[in-house]
Every structure is written in C-alpha cells, then in structure tokens.
1. Could you tell me how many of the residues in region 161-175 are in a helix (DSSP H, G or I) and more than 24 Å from the chain's Cα centre (by Cα)?
2. Quick check on region 39-58: of everything there that is exposed (fewer than 13 other Cβ atoms within 10 Å of the Cβ) and more than 16 Å from residue 182 (Cα to Cα), which residue is nearest to the chain's Cα centre (by Cα)?
3. Among the residues of region 83-116 satisfying the criterion of being out of contact with any helix residue (DSSP H, G or I) (no Cβ under 7 Å at 6 or more places or on another chain), closer than 30 Å to residue 32 by Cα and modelled with pLDDT under 95, which is surrounded by the fewest Cβ atoms within 10 Å (Cβ to Cβ)?
4. Surrounded by fewer than 14 Cβ atoms within 10 Å (Cβ to Cβ) and within 25 Å of residue 53 (Cβ to Cβ): does that describe residue 77?
5. Given (1) modelled with pLDDT under 90; (2) in contact with a helix residue (DSSP H, G or I) (Cβ under 7 Å, 6 or more places away or on another chain); (3) part of a helix (DSSP H, G or I), where does residue 119 come up short, assuming only one miss?
6. I need every pair where a residue in region 174-194 that is more than 27 Å from residue 148 (Cα to Cα) and assigned by TED's automatic domain parsing to the domain that holds residue 122 has its Cβ under 7 Å from the Cβ of a residue that is surrounded by 12 or more Cβ atoms within 10 Å (Cβ to Cβ) and modelled with pLDDT under 80, sequence separation at least 6 or different chains.
7. Identify, from the list 35, 92, the residue that is free of Cβ contacts under 8 Å to residues at least 24 places away in the same chain, part of a helix (DSSP H, G or I) and in the same structural domain as residue 142 (by TED's automatic domain parsing).
8. Counting only residues that are closer than 25 Å to residue 88 by Cβ and surrounded by fewer than 19 Cβ atoms within 10 Å (Cβ to Cβ), which one in region 146-160 is nearest to the chain's Cα centre (by Cα)?
C-alpha cells in the first residue's frame, strides 16, 4: 500500500519554479544581460564614432569588456548592432529636440540643435551613415523627424529661419556638410569649421534677420 505522505503527489520538498531563489537568479540574469547590452552599445557608439563602420566586432567586444559571443547573443551581426546604436542616437537627439521646443528663443534653440548635430560630425565618423540609414523601427525615425520639424516650425514662426525649407532639406544639407567634413578632415581646423557652420547658418536665417545684421 502506497504511503500517501510519501507519494509523488507530495510536492512539499520539490523546488518550485516560483521559488524565491529561482526568481532572484532570473532577475540577476536579466540585469546582467541588460548591463552587457548597454556596455556593448556604449562601446559600439565610441568605436563607430572614432573609427567608422569598418571596425570588427571583436574590437567592440574588447572595448565593452565582454566576450565576442556575448555581443552576438545580443546582436546577430554588425549591421544589427549599428542599427541599435543608430536608434539610441536618434532617441537621444529626439529627447534633446523636445527639451528645446518650448525655449523662449526658438531661433537660438533651432540653431543650437542644428549646430550640435554638425559639430558631432566633426568627431563622429559614422554620424553621416547614422543620419542617412534606414531603420526597421520607423517609430523612432518618425519621432526624431517630428521633434526636429517642431523645432524648425517654431523658429520659422518666430521669423528666425526662412520659411521655404523643411526637415528633408535640412537633413540633405547636413549630409552634405558631413561629407565635406569627412573629405577635408585633414586640413579643416576648428576655426575654418566654425566659419563653415556660420556661413551655412546665415543661409538658413530669415532674410529680414540677415538684413538687420548687415
């Protein structure tokens, strides 16, 4: 006769899936995985910025302080990693643009943001690719374009920026500037670089603003 107290139905001593140790270990693993992913993204941003997209995954892993297998567990290839970096960068820009949209000086807010992006291109070798790259996450791209458009609209309404341009024009202009910076990096010192930004910015200003300054 089977002793009911010791039958297989007695699960008092069997570890359960919701055991506190199991839950804590799972949380710890998730936290470690999240930390690894953030380290990889931070390292990838720096490496792509300094050396461009030709850098191997192994160098990114080394900079992140993780094994190359850890990188591939999060990102199947370099293209996926670059897209993740691109998404993170656009989210950062979007946050900055949104923080500036209610600035009491819309013209200054717009030109500060525009100049910030161009200055990033002076040190970031992959920024041109990031701005131009398509993304599978279209919501992030649309959010960035919307925030940028709001900054532009506010500046145009304040008659700080000419009214016949849109965000597509601006992105094309920024791409051209970044390409020039990339091609002339060797002989483009900071003084000439700032002069270039000033010339381009003057071309974007509302014409009455230019006339008043002359």
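1. 0
2. 56
3. Out of the qualifying residues, it is 92.
4. Here the answer is yes, as residue 77 does meet what is asked.
5. The one condition residue 119 does not meet is (2).
6. 188/181
7. 92
8. My answer is 146.
The values are calculated or read from the model by the stated rules, or taken from the named source; none is laboratory data. Just so it is clear, the model here is predicted, and its values are computed rather than measured. Counting neighbours? That spans all protein chains shown, and the Cβs are built from the backbone with ideal geometry, glycine included.
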